[in-house]
1. Restricting attention to segment 391-409, report how many residues are closer than 20 Å to Met348 by Cβ and not in a strand (DSSP E or B).
2. Examine segment 323-334 for a residue that is in contact with a strand residue (DSSP E or B) (Cβ under 6 Å, 6 or more places away or on another chain) and without any contact (Cβ under 8 Å) to a residue 60 or more places away in the chain, and state whether such a residue exists.
3. May I ask you to say which residue of Tyr166, Tyr210 is in a loop (DSSP other than H, G, I, E, B) and within 16 Å of the ligand (Cβ to nearest atom)?
4. Scan segment 174-196 residue by residue and report those that are more than 16 Å from the ligand (Cβ to nearest atom) and either in a helix (DSSP H, G or I) or aliphatic (A, V, I, L, M) (or both).
5. Could you list, in sequence order, all residues of segment 205-233 that are within 27 Å of Ile295 (Cα to Cα) and under 19 Å from the mean Cα position of the chain (by Cα)?
6. When you go through Lys184, Lys175, Lys211 one by one, which is the residue that is under 22 Å from Trp161 (Cβ atoms), of a type outside the set (Asp, Glu) and in the same structural domain as Ala111 (by TED's automatic domain parsing)?
7. Take the residues of segment 274-292 that are under 20 Å from Ile9 (Cα atoms) and surrounded by fewer than 16 Cβ atoms within 10 Å (Cβ to Cβ): which is modelled with the highest pLDDT?
8. Which residue out of Lys361, Lys339 is in contact with an Asp or Glu (Cβ under 6 Å, 6 or more places away or on another chain) and surrounded by fewer than 21 Cβ atoms within 10 Å (Cβ to Cβ)?
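The values are calculated or read from the model by the stated rules, or taken from the named source; none is laboratory data. Every value quoted in this text rests on a predicted model; they were computed, and no experiment measured them. Here the Cβ is made from the backbone with ideal geometry for all residues, glycine too, and neighbour counts use every protein chain on show.
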Amino acid sequence: MADKAHLNIVFIGHVDAGKSTLSGQILYLGGEVDERTLEKYKIEAAAQNRESWALSWAMDIDEGEREKGKTAECGRASFETANRTISIIDAPGHKNFVPRMIAGASQADVAILIVSARKGEYETGFEKGGQTREHAILVRTTGVSRIVIAVNKMDDPTVQWDEGRYTKIVTQITKFLRQLGFPKNAISSLPLSGVTGSNVRDRDDSCAWYKGPSLFEALDAVEIPKRESTGPMYMPILDKYKETGLVLLGKLQQGRLEKDATYTVTPGGFSVAVTEVGVEKYDRDFATAGDNVHIKIRTTDDHFDVHPGSVIHDSSLTIGVTREFIAKVSIMEAPDPKKLISVGSEFMIHLGAAEVRATVKVLMARLGPDGKAVTVTDMNGNRRPERISFITKPGVYVIRFETDMPLAMAPFETFQPLGRFCIREGDTTLGVGVVHKLA
Ligand code: GDP
């Protein structure tokens, strides 16, 4: 039988939305965890007064893998559907793990946004500061092309599979995702319960009004994004670790990477030789576009330096490096009134897996719904661009930034993976940006 196509999924959503429970249920229904193991977890969970968390413990079978080091940053567990081998990428959702979450999500083909339908929980997750919005923003910056809204806990006594509740949640979240720039046909949704398993693998009688596919059926039918395997190779680096040599990991965006070939690492322009290639569970000494890859490298350059956010690429390719750039930024959350955004404001920018401090140099314009700079009439009756001293409300702005470190970057139009970023202030993700021009 031909190899099943491989799909990587990542679960995102507010804390307690049910990510671990659903992961456990999926592994159980997919036959990856047997009943005895599950029983064991149930007993362990009960011993710690966490009875209802039993399934979430099943996810911990991945812990051993994690300890082996290889999947240090992104643990994963796999299950099978009729046509796909599906890996669950674990993207830690805690606020302190944002860079790791971005790294995890960057490897995914599909993001499943888990939302709790339970009364009060959905509202808390979606309001300002809730992780439902934040995770959606972050996932958008990673370039994940499909998002499934999984409305979870539909079995809860406060919900009882109420269609109105489901529709309200889906409508509101879809609107938000569309604002972030997810195309309409990239968004789908379904009601389910991670605890009872309804609509996870199979549909059952609990939700007669829902006629769409179960989660397994939906994932089985998802189109796997095609990537360009011709053209110069490039791979943004998500992470690095040492294992008798330096190992870099990332998702190959374009071209083909081979063992024993020599490539360039930007920023720095360092020359490196690839001595080993690891692609998921395959035994190969090359990788092609779309693969999640670990490579061992060797370099003779004494000054060699590489960070998450650096790019390894064919030497024929030139990748821009800059500290100043102009970007179109969608501010999704109203800034804290005590910290309005103005010239001199500082943020953290996450571009791919890079995380740098950036300062606002110029607030250039605010864009109207037509994408053009908003103008005002001056004293002489002429139209001129509106002058902005502070950003006080959500909207789309053109901003010139300066970063404290050189970044590998490209205009969004040219190289999407190096051209989109999110901006964060303390614990808040304020919005997403696309690079317009390197200054
Ligand atoms: P995570 O933080 O997103 O990983 O959430 P957990 O999987 O740990 O779940 C948080 C809580 O919600 C636990 O008490 C679960 O038992 C409960 N929970 C998760 N999924 C469901 C569901 O489908 N229905 C109900 N009623 N409760 C759920």
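1. 2
2. Checked segment 323-334: no residue is in contact with a strand residue (DSSP E or B) (Cβ under 6 Å, 6 or more places away or on another chain) and without any contact (Cβ under 8 Å) to a residue 60 or more places away in the chain.
3. None of the other options fit; the residue is Tyr210.
4. Hits for segment 174-196 are Thr174, Lys175, Phe176, Leu177, Arg178, Gln179, Leu180, Lys184, Asn185, Ala186, Ile187.
5. Those that are within 27 Å of Ile295 (Cα to Cα) and under 19 Å from the mean Cα position of the chain (by Cα): Ile224, Pro225, Lys226, Arg227.
6. Working: Lys184 fails: under 22 Å from Trp161 (Cβ atoms); Lys175 fails: under 22 Å from Trp161 (Cβ atoms).
Answer to the selection: Lys211.
7. Within segment 274-292, the match that is modelled with the highest pLDDT is Tyr282.
8. Working: Lys339 fails: in contact with an Asp or Glu (Cβ under 6 Å, 6 or more places away or on another chain).
Sole residue among the options that is in contact with an Asp or Glu (Cβ under 6 Å, 6 or more places away or on another chain) and surrounded by fewer than 21 Cβ atoms within 10 Å (Cβ to Cβ): Lys361.
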